[in-house]
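**Q** Mind having a look at this structure? Questions to follow.
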Amino acid sequence: MDSKLHFKFSKFGPFVFQTKIDKENIKNILQLCKKENNANHKLAGHLKDQYDIDKNKYFEYIKQMVLIYIEQAEKWYDKPICNGIEIVGAWVNFMKAGDFNPPHVHTNCDLSSVLFLEIPNGLIKERKEYTGKHYGPGSIEFIYGEDRDLNNTSMNHHPEVGDFFIFPAKVRHCVSPFKSKGIRISLAANFKLIN
């Protein structure tokens, strides 16, 4: 093989951004997560406990991360993508054993996010003991371009407390069920780009 061979990878596909929210903000955000204003009627989740939260208060905690997403997305796509952003909804999911989110997209928005606030202690052990071919218990999976050959069609992640993702709202995603006792708390939000 020619040792002078040079190559590069092209940026291609949707921009999925991952970062970490610090423990102090996690503690404050958890205070917004009340079991009021049931949101099951409008969400895809196969779980009982999904509730709307105060979107504007939540946005105060994550606004900096969302603005960083915009900045990095403009580099990724090599063009401006908006003049501003507004939050249009936010809700909390309290997932228990057997609950899951089937593959879905978010509508009436441009971007979506998910923040993991609490993870059951037994889930780490459950993942280590998992022997199947799928990504395993409690994983989040982002899916894109699955109708194309020679394409990496998904990326997955085993969430930890503080993990925060922002992604285009039309990127399909899902969350696998788990068997461990305890509650996994995640908070999702949708945003519109202002042009």
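**Q** From the set of residues in the range 1-24 that are loosely packed, with under 10 Cβ neighbours inside 10 Å and hydrophobic (A, V, I, L, M, F, W, C), which is modelled with the highest pLDDT?
**A** The extreme case among them is PHE12.
The rows are residues; the columns are (1) among the acidic types (Asp, Glu); (2) over 11 Å from the mean Cα position of the chain (by Cα); (3) within 24 Å of ASN28 (Cα to Cα); (4) buried (at least 16 other Cβ atoms within 10 Å of the Cβ).
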{"residue": "HIS104", "(1), (2), (3), (4)": "no, yes, no, no"}
{"residue": "THR107", "(1), (2), (3), (4)": "no, yes, no, no"}
{"residue": "ARG127", "(1), (2), (3), (4)": "no, yes, no, yes"}
{"residue": "SER139", "(1), (2), (3), (4)": "no, no, no, yes"}
{"residue": "HIS173", "(1), (2), (3), (4)": "no, no, no, yes"}
{"residue": "ALA188", "(1), (2), (3), (4)": "no, no, yes, yes"}
{"residue": "ILE194", "(1), (2), (3), (4)": "no, yes, no, no"}
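**Q** Need the failing condition index for VAL161 against (1) under 25 Å from GLU74 (Cα atoms); (2) surrounded by fewer than 18 Cβ atoms within 10 Å (Cβ to Cβ); (3) in contact with a helix residue (DSSP H, G or I) (Cβ under 8 Å, 6 or more places away or on another chain), just the number.
**A** Failed condition: (1).
**Q** So, in the range 94-152, of the ones that are among the aromatic types (Phe, Trp, Tyr) and out of contact with any His (no Cβ under 9 Å at 6 or more places or on another chain), which residue ends up modelled with the lowest pLDDT?
**A** TYR130
**Q** Continuing with this model, one more query. Listed residues ILE119, ILE143, ILE166; which is touching a residue at least 12 places away in the same chain (Cβ under 8 Å), among the β-branched types (Val, Ile, Thr), over 22 Å from LYS20 (Cβ atoms) and surrounded by 15 or more Cβ atoms within 10 Å (Cβ to Cβ)? It would help to see each step written out before you state the result.
**A** On the way: ILE119 fails: over 22 Å from LYS20 (Cβ atoms); ILE166 fails: over 22 Å from LYS20 (Cβ atoms).
Answer to the selection: ILE143.
**Q** Out of all the residues in the range 38-52, which are closer than 22 Å to LYS192 by Cβ and in a strand (DSSP E or B)?
**A** Across the range 38-52, the qualifying residues are GLN50, TYR51, ASP52.
**Q** Quick test for you: out of ASN121, ASN83, pick the one residue that is over 26 Å from ILE26 (Cα atoms) and not aliphatic (A, V, I, L, M). Quick ask: steps written out before the conclusion?
**A** Numbers: ASN121 fails: over 26 Å from ILE26 (Cα atoms).
Among ASN121, ASN83, only ASN83 is over 26 Å from ILE26 (Cα atoms) and not aliphatic (A, V, I, L, M).
**Q** Moving on. Restricting to strands (runs of 3 or more DSSP E) lying wholly in the range 53-133: which have 3 or more residues that are touching a Phe, Trp or Tyr at 6+ places or on another chain (Cβ under 6 Å)?
**A** Where strands (runs of 3 or more DSSP E) fall fully within the range 53-133 and carry at least 3 residues being touching a Phe, Trp or Tyr at 6+ places or on another chain (Cβ under 6 Å), they are 84-95, 111-118.
The values are calculated or read from the model by the stated rules, or taken from the named source; none is laboratory data. Note that this is a predicted model, so its numbers are computed, not measured. Glycine also receives a Cβ, built like all others from the backbone with ideal geometry; neighbour counts cover every protein chain displayed.
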